[in-house]
Amino acid sequence: MPVIEFIFSRQVPIGMLFAALLFMPWNQKRKYFYPRLATGIFAFFAISEACIIFNVETKIRLLLFTVLIFALIWFCFESSLIHNIFYTTCAYAVQHISSKLAYMIAIPILVKTNDNGYILPFVILTAVSVIVAVFVYMLYTKPFFKKGDLTFDNAKIVLYSGIFLVAAVFLSVVLEDGFDRNAENYITSYLALNTLCIMFAIAILALEFSNFNTKELERENLVLAELLESDKAQYEQAKKDMEKINIRYHDLKQQYTRATEEEKIKLEEEMNELNLRYFTGNKAVDITLTQKALICNKEGIQMVCSADGASLNRMKHYHIYSMLGNALDNAIECLRKVSDPEKKVITLDIHKEKNMAVIRVENYTPNEPVYKDGSIVTSKSDSENHGFGVKSIQNTAELYGGTAYTFVENGIFYLLITLPTSENITLSE
């Protein structure tokens, strides 16, 4: 069929462009993006067609196609040089994997059947390309390309990976051209070479993304550190607010003694609101619980609390504020969505058990949380800036040699934190 033969003879540029679509930074489009994209694709295929017309060697074509993909991405997107190399290398690797895998399936069949047609290899190549693309999308593109703002642990790895991949493909073409197709071991040699090529391309792809993944972990740790610093500043402000509450409560008591009956009713209402104070034996616990109790009171949430604050005396005050604050904020956020007043209850228990301080937070949850890699996935749309609450609690617990984990049972969300109380354990900060 002329159409299939035409498309099949241009499989490499089509395959590279198809693979490049998986890695293009779609949120970083240049001005006049669509005219640029149309112009770029036209130029890409025009030059590709010229290579076929003038019978340019396969080795040279592959190098030229790589440069053209790089130029197309640069022309259409606002991305840096190292990012363009990364996108091009990944696209080249995916096209190479798809092509080699398809031919490893098709060639033995064609040799045995003595079939010189294009239909079978075209069908196999199309199917394999789609399968590989879906696999790469689910494994790499979907989880990592959320915003296109990728950062790399080492830019040299990106550059060297691209150079090594292009060199390896170039050498594989040279070796394959030297094979004797009439030799008895042709199929064996062909399969061995292509297996090596696929493994190398997969290794390059994995190396590229592990390079990014390391930086992503560093970014997450940086965000958690910044959140802890923010909690530290908030704790200092909360201390000042607590002092104001105490002063105001004392003033109201003085006014109450000389007020009229009508005035006493109003003063009692304000005193009852301000009297949501806790005295647990730890100032940081008192401040945190008092602040969150006021929020719960406004939200119609009942907070049932039994707290031995002295069991947390080993911890720094801002760490207590951060850990308890995040735990209670998460529970409050969850219960805001609940309409049944009987279910709008937070139970907090802090006690000492042998040489461990145990913190347990319970609250009803209308929806069981989703876990990924052992961590809760935030339900908020802005996942880049949310979802760090439980991670922050876990990090703080680990600083003191403790643990924090969550689970759901019968519609109740549990957060359980255990912390050694021994003074001999060194803070790992």
Could you list, in sequence order, all residues of the stretch 152-195 that are in a helix (DSSP H, G or I), without any contact (Cβ under 8 Å) to a residue 12 or more places away in the chain and not charged (D, E, K, R)? 160, 163, 167, 171, 188, 189, 192
Could you check how many residues of the stretch 334-353 are over 19 Å from residue 280 (Cα atoms) and either without any contact (Cβ under 8 Å) to a residue 40 or more places away in the chain or surrounded by 11 or more Cβ atoms within 10 Å (Cβ to Cβ) (or both)? 11
Is it fair to say residue 151 is more than 30 Å from residue 320 (Cβ to Cβ), at pLDDT below 75, exposed (fewer than 15 other Cβ atoms within 10 Å of the Cβ) and among the hydroxyl-bearing types (Ser, Thr, Tyr)? yes
Within the stretch 40-95, work out how many residues are among the basic types (Lys, Arg) and free of Cβ contacts under 8 Å to residues at least 60 places away in the same chain. 1
Which listed residue, of 137, 87, 92, is in contact with a strand residue (DSSP E or B) (Cβ under 9 Å, 6 or more places away or on another chain) and in a helix (DSSP H, G or I): 87
Quick one: in the stretch 1-48, of everything that is in a helix (DSSP H, G or I) and hydroxyl-bearing (Ser, Thr, Tyr), which residue is nearest to the chain's Cα centre (by Cα)? 34
Quick one: in the stretch 388-410, which of the residues that are modelled with pLDDT of 85 or more and part of a loop (DSSP other than H, G, I, E, B) is surrounded by the fewest Cβ atoms within 10 Å (Cβ to Cβ)? 410
With the requirement that a residue be in a helix (DSSP H, G or I) and touching a Ser or Thr at 6+ places or on another chain (Cβ under 7 Å), what does the stretch 298-313 give you? 309, 311
Are any residues in the stretch 174-201 surrounded by 15 or more Cβ atoms within 10 Å (Cβ to Cβ) and of a type in the set (Val, Ile, Thr), and if so, which ones? 187, 198
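The values are calculated or read from the model by the stated rules, or taken from the named source; none is laboratory data. The shown structure was predicted, so the numbers you read here are calculated from the model rather than taken from an experiment. In this analysis, Cβ positions are derived from the backbone assuming ideal geometry, glycine residues included, and neighbour counts consider all displayed protein chains.
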